[in-house]
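Written out below as structure tokens is the structure these notes cover.
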Amino acid sequence: MSAEVERIILAGFGGQGILFLGKVLAEAGMRNGKHVSWIPSYGPEMRGGTANCTVIISEHPIASPLVTVPDTVIAMNRPSVAKFNVRIKAGGMLMYNSSLIERQEFRDDIRLVEIPASEIADELGNARVANLVMAGAYAKFSKLIDYDEMVKALPQLIPASKKELAEINLAAFERGYQFVKEKKYMFGRYVYSVFKGI
Amino acid sequence: MADKVLMKGNEVIGEAAVLAGCRYYFGYPITPQSELPAYLARRLPEVEGVFLQAESEVAAINMVYGAASAGARVMTSSSSPGVSLKQEGLSYIAGAEMPCVVVNVVRGGPGLGNISPAQSDYWQATRGGGHGDYRTLVLAPNSVQEMADMTIAAFELADRFRNPVLLLVDGILGQMMEPVQLPAPTTYDINQKPWALGNPNPRKGGRNLCSTIFLDVEQLEEHNWHLYQKYQVVTDEFAKGAYKHLAVETHAVDDAEIVLVGYGIISRILKTVVEKARKRGIKAGLVRPKTLWPFPSQVLADLAAKTKQFLVVEMSCGQMVEDVKLAVDGKKPVFFFGRTGGTVPSDFEILNEVDKLVRPD
Amino acid sequence: MMTMEQVFARPKSMSKTPFHYCPGCDHGVVHRLVGECLDELEVGDKAIGVAPVGCSVFAYDYFNFDFNQAAHGRAPAVATGIKRVRPDRIVFTYQGDGDLAAIGTAEIVHAANRGEKITVIFINNAIYGMTGGQMAPTTLVGMKTATSPYGRDAQLCGNPIKVSEMLATLEAPVYVTRVAVNTPANLMKAKKALKNAFRLQKEGKGFTFVEVVSICPTNWGKSPTDAHQWLAEKMLPVFPLGTYKDTLGVDKS
């Protein structure tokens, strides 16, 4: 992953907390002193019940906040993989919710990261925090997000109306991070074929 | 200075308006600007202001007219079809020289069009839009930070010139979040305008009148030339650099063989195009009009002597390109590339256009 | 030296500008009643008027206080803006039937429905005056105008709108009344109604509406006397005088 800029497209069903997931990453970048931008799916892209957003975290001021070729796609459901898979930069990363997306023949020029986000969220007691599991997992890969800073900031990002969910959101974030740290995400032949030089 | 906060463009306009001393907002729901009225509906009561959802855009702009004539700092916002409805009121407001700020989060047209981002209201914004000989100042931010800064500047310009000021924003800027540093609040007193209706302070002539009717042809002509003179003052002050930070931004133009011209979100994409073009050995530069009226013609006229060609990029079938051609005055070729209907051109396709122009073979 | 007591004078809140209205027009009478009421309530220096498009577009010439001259039909919206900024002022609109009951229908209905604390004076003379005698929303069925030369056909353009009755169905207005100035008795009632309306506004009670059934001798093609006769015979049966809403019971007090 580039140490200077991370361009991320996040996608999933409406209701999976995609926009909030994007906001968490953008906040994390900002609180780590980076330049950030966040654009929600808007206009024709919203058709079909999927939501997506674009986040850029950068060492330098962001010129275009629009992302045609993302470094990373975080996919929470199957249609999102189908839609954005082809756009990922060669050598980029596809991080997907393996609870809802089965293993399949992916491109062999990208890094695949399988996170059973919905299952982890279920274990924690609330399927809706799968997005924060993904945020935690992404934080482990990111060069521009500081994990400790994020753990501190996360409770402030939970809206006042959902304060009772602050703890479980934080737990989900920590579990996602740990999952990657323990390298449980790797699988199959892809790992070896795509790992080179990334 | 406060810490940076991550906020949506539409909401930042609302907060900046409050910080500028705006306590009155009148509007009517329309996508994609709905976050702005929703924000102010929550925020204005906290500062003893008035948020009122009007029965139509026509009513909203006329409530703005009333509130402005009573001395308040006041704002309305809408998106393209709604701004068409506001043109009647804008003509009166400009004619009566009432300061106010009008936000247009532009969407695709004509007609109902769609809710996707567009720049096809440039002519409407910069040419007046309503009936009669009048002008409105038009500011076009390209980042969330600028949406804050330019909202505050819009209120100041409106009061300074007693004129409506338009903030021309596209749907992407309205929807996007970026870190923003909000300035300190301004205190504003509705009695600081001696001409305002209901101002209790002694005034010249005994009473105040806010009107646009001049049945006497000589009086109307005199009034129209008075407005024209004012617009000349605005143009001159901008041309002389009194509002340098608001007028225009240039990037890598000194040695540019091709100068790209675009405003709003397009200018951000063009900056990426310039960087990519330079990596390919193409000397590209960028001119970004930040204020669309008065248009920063001089910068383009000066560059016409140095560069080889211009490429104007817009999310329209070509509107601002006319102002660029007027500024360049035939000295160098001016080309156009546009996407419309809600499509945002990618840096790749623009780069491709640049390639074709610079290396025609 | 003998001094004489002055028993009749121009209201203080009115200017010395002579009316431009046609001879016999009711506008001058209603203007004067407005001036007298504001004087008597001692709010002449606190009033802000909103003039419409129509014959009374120059209403501001005849009063000494601040005025806004609004676009056609928009006076209630403009008044809303003014009153919200300056709640301590007495804000009123003065509108004709084309202005209020045709192009400005949305604005009047919603200002009334919000209970804007303003006073609306509605001059209903069943015709467009300034533009030259066209059919108004309140033109009587069968009445001939420049744009209904064969008489208003209800099948083609509907029946006259009864604005007071309509606004009285809304929750918020505190006072909705219809008056006329065609006889001395009616004139006295009209003045009482206007004073009630302004007093209610002064006390911050809510939206007040006074419809004045009026004449337009010029466009009706009648002498002022005949016009008042015609008003009594033809208009009042369609637009009955009376108070349609009086939430606080001011008519009785």
Hey, does the stretch B:7-29 have a residue that's crowded, with 19+ Cβ neighbours inside 10 Å, outside any helix (DSSP H, G or I) and on the phi > 0 side of the Ramachandran plot? yes
Limited to the stretch B:331-354, what total is found for residues that are hydrophobic (A, V, I, L, M, F, W, C) and part of a helix (DSSP H, G or I)? 4
Would you check if B:Tyr243 is in contact with a helix residue (DSSP H, G or I) (Cβ under 8 Å, 6 or more places away or on another chain) and in contact (Cβ under 8 Å) with a residue 24 or more places away in the chain? yes
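Could you go through the stretch B:137-160 and let me know if any residue there is assigned to a loop (DSSP other than H, G, I, E, B), among the small types (Gly, Ala, Ser) and either under 22 Å from B:Tyr188 (Cβ atoms) or out of contact with any helix residue (DSSP H, G or I) (no Cβ under 9 Å at 6 or more places or on another chain) (or both). Walk me through it before giving the result.
In the first step, residues of the stretch B:137-160 are kept if they are assigned to a loop (DSSP other than H, G, I, E, B); the result is B:140-143.
Within this subset, residues satisfying the condition of being among the small types (Gly, Ala, Ser) are B:140, B:143.
Going one step further and asking which of them are either under 22 Å from B:Tyr188 (Cβ atoms) or out of contact with any helix residue (DSSP H, G or I) (no Cβ under 9 Å at 6 or more places or on another chain) (or both), we end up with none.
There is no residue in the stretch B:137-160 that is assigned to a loop (DSSP other than H, G, I, E, B), among the small types (Gly, Ala, Ser) and either under 22 Å from B:Tyr188 (Cβ atoms) or out of contact with any helix residue (DSSP H, G or I) (no Cβ under 9 Å at 6 or more places or on another chain) (or both).
Okay, residues lined up against (1) touching a Lys or Arg at 6+ places or on another chain (Cβ under 9 Å); (2) at pLDDT below 95; (3) not assigned by TED's automatic domain parsing to the domain that holds B:Val312:
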{"position": "B:Ser77", "(1), (2), (3)": "no, no, yes"}
{"position": "B:Pro81", "(1), (2), (3)": "yes, no, yes"}
{"position": "B:Glu88", "(1), (2), (3)": "yes, no, yes"}
{"position": "B:Gly95", "(1), (2), (3)": "no, no, yes"}
{"position": "B:Val103", "(1), (2), (3)": "no, no, yes"}
{"position": "B:Pro117", "(1), (2), (3)": "yes, yes, yes"}
{"position": "B:Gln124", "(1), (2), (3)": "no, no, yes"}
Which residues, taken from the stretch B:17-32, are touching a helix residue (DSSP H, G or I) at 6+ places or on another chain (Cβ under 8 Å), in contact (Cβ under 8 Å) with a residue 60 or more places away in the chain, farther than 15 Å from B:Ala72 by Cβ and within 12 Å of another protein chain (Cβ to nearest Cβ)? B:Pro32
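How do the strands (runs of 3 or more DSSP E) wholly within the stretch B:40-120 filter down when requiring 2 or more residues that are more than 14 Å from chain C (Cβ to nearest Cβ): which remain?
Qualifying strands (runs of 3 or more DSSP E): B:74-78, B:100-108, B:114-117.
So if I check each of C:Gly104, C:Gly129, C:Gly96, which one is modelled with pLDDT under 95, more than 16 Å from C:Leu200 (Cβ to Cβ) and buried (at least 23 other Cβ atoms within 10 Å of the Cβ)? It would help to see each step written out before you state the result.
Details: C:Gly104 fails: modelled with pLDDT under 95; C:Gly96 fails: modelled with pLDDT under 95.
Of C:Gly104, C:Gly129, C:Gly96, the one residue that is modelled with pLDDT under 95, more than 16 Å from C:Leu200 (Cβ to Cβ) and buried (at least 23 other Cβ atoms within 10 Å of the Cβ) is C:Gly129.
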All positions within the stretch C:60-70 that are farther than 14 Å from B:Ile93 by Cα, crowded, with 24+ Cβ neighbours inside 10 Å and either over 17 Å from the mean Cα position of the chain (by Cα) or at the interface with another protein chain (Cβ under 8 Å from one of its Cβ atoms) (or both): C:Tyr60, C:Phe65, C:Asp66, C:Phe67
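Which of the strands (runs of 3 or more DSSP E) found entirely inside the stretch B:234-330 contain at least 1 residues meeting this: basic (Lys, Arg) and surrounded by fewer than 17 Cβ atoms within 10 Å (Cβ to Cβ)? Break it down stepwise before answering.
On the way: elements: B:248-251, B:258-261, B:284-289, B:291-293, B:309-314.
Strands (runs of 3 or more DSSP E) meeting the threshold: none at all.
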I'd like the residue in the stretch C:203-224 that is over 27 Å from C:Lys245 (Cβ atoms) and free of Cβ contacts under 8 Å to residues at least 12 places away in the same chain and, out of all such residues, is surrounded by the most Cβ atoms within 10 Å (Cβ to Cβ). C:Lys222
Can you tell me how many residues within the stretch B:217-227 are within 15 Å of B:Ser91 (Cβ to Cβ) and not hydrophobic (A, V, I, L, M, F, W, C)? 2
Scanning the stretch B:178-200 for residues that are in a helix (DSSP H, G or I) and within 11 Å of another protein chain (Cβ to nearest Cβ), the one farthest from B:Met7 (Cα to Cα) turns out to be B:Asn191
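Go through the stretch B:83-122 and report how many residues are farther than 20 Å from B:Asn142 by Cβ and under 16 Å from the mean Cα position of the chain (by Cα).
If we filter the stretch B:83-122 for residues that are farther than 20 Å from B:Asn142 by Cβ, which is where we start, we get B:84-100, B:109-115.
Within this subset, residues satisfying the condition of being under 16 Å from the mean Cα position of the chain (by Cα) are B:84, B:86-87, B:90, B:94, B:99-100.
Count: 7.
Considering only residues of the stretch B:201-224 that are more than 9 Å from chain C (Cβ to nearest Cβ) and either under 24 Å from the mean Cα position of the chain (by Cα) or in a loop (DSSP other than H, G, I, E, B) (or both), which is nearest to B:Val165 (Cα to Cα)? Please lay out each step first, then the result.
Initial filter on the stretch B:201-224 (more than 9 Å from chain C (Cβ to nearest Cβ)): B:201-205, B:214, B:216-224.
In the following step, the residues that additionally are either under 24 Å from the mean Cα position of the chain (by Cα) or in a loop (DSSP other than H, G, I, E, B) (or both) were identified as B:201-205, B:214, B:216, B:224.
Numbers: B:Asn201: 27, B:Pro202: 29, B:Arg203: 26, B:Lys204: 27, B:Gly205: 29, B:Phe214: 24, B:Asp216: 29, B:Asn224: 19 Å.
Restricting to residues being more than 9 Å from chain C (Cβ to nearest Cβ) and either under 24 Å from the mean Cα position of the chain (by Cα) or in a loop (DSSP other than H, G, I, E, B) (or both), the top hit is B:Asn224.
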Can you name the residue in the stretch C:96-126 that is in contact with a strand residue (DSSP E or B) (Cβ under 6 Å, 6 or more places away or on another chain) and closer than 20 Å to C:Thr145 by Cα and, of all such residues, is farthest from the other protein chains (Cβ to nearest Cβ)? C:Asn124
Tell me, which strands (runs of 3 or more DSSP E) wholly within the stretch C:148-253 include 3 or more residues that are under 30 Å from C:Pro87 (Cα atoms) and aliphatic (A, V, I, L, M)? C:175-180, C:208-213
Answer yes or no: is there a residue in the stretch C:6-23 that is touching a residue at least 24 places away in the same chain (Cβ under 8 Å) and within 18 Å of C:Asp97 (Cβ to Cβ). yes
Residue among C:Gly73, C:Gly35, C:Gly81 that is in contact (Cβ under 8 Å) with a residue 24 or more places away in the chain, surrounded by 24 or more Cβ atoms within 10 Å (Cβ to Cβ) and not polar (S, T, N, Q): C:Gly73
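Looking at B:Val180, B:Val217, which one is over 15 Å from C:Arg86 (Cβ atoms), touching a helix residue (DSSP H, G or I) at 6+ places or on another chain (Cβ under 8 Å) and not basic (Lys, Arg)? Can you show your working first?
Values: B:Val217 fails: touching a helix residue (DSSP H, G or I) at 6+ places or on another chain (Cβ under 8 Å).
It is B:Val180.
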Test for B:Ala196: is it of a type in the set (Gly, Ala, Ser) and exposed (fewer than 13 other Cβ atoms within 10 Å of the Cβ): no
Evaluate the stretch B:286-304: report whether one residue or more is of a type in the set (Asp, Glu), more than 22 Å from the chain's Cα centre (by Cα) and at pLDDT 95 or above. yes
Could you please give the count of residues in the stretch C:46-58 that are closer than 16 Å to C:Thr119 by Cα and surrounded by fewer than 22 Cβ atoms within 10 Å (Cβ to Cβ)? 1
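The values are calculated or read from the model by the stated rules, or taken from the named source; none is laboratory data. This structure is a prediction, so every number in the text was calculated from the model and none was measured. Glycine gets a Cβ as well: all are built from the backbone with ideal geometry, and neighbour counts include every protein chain shown.
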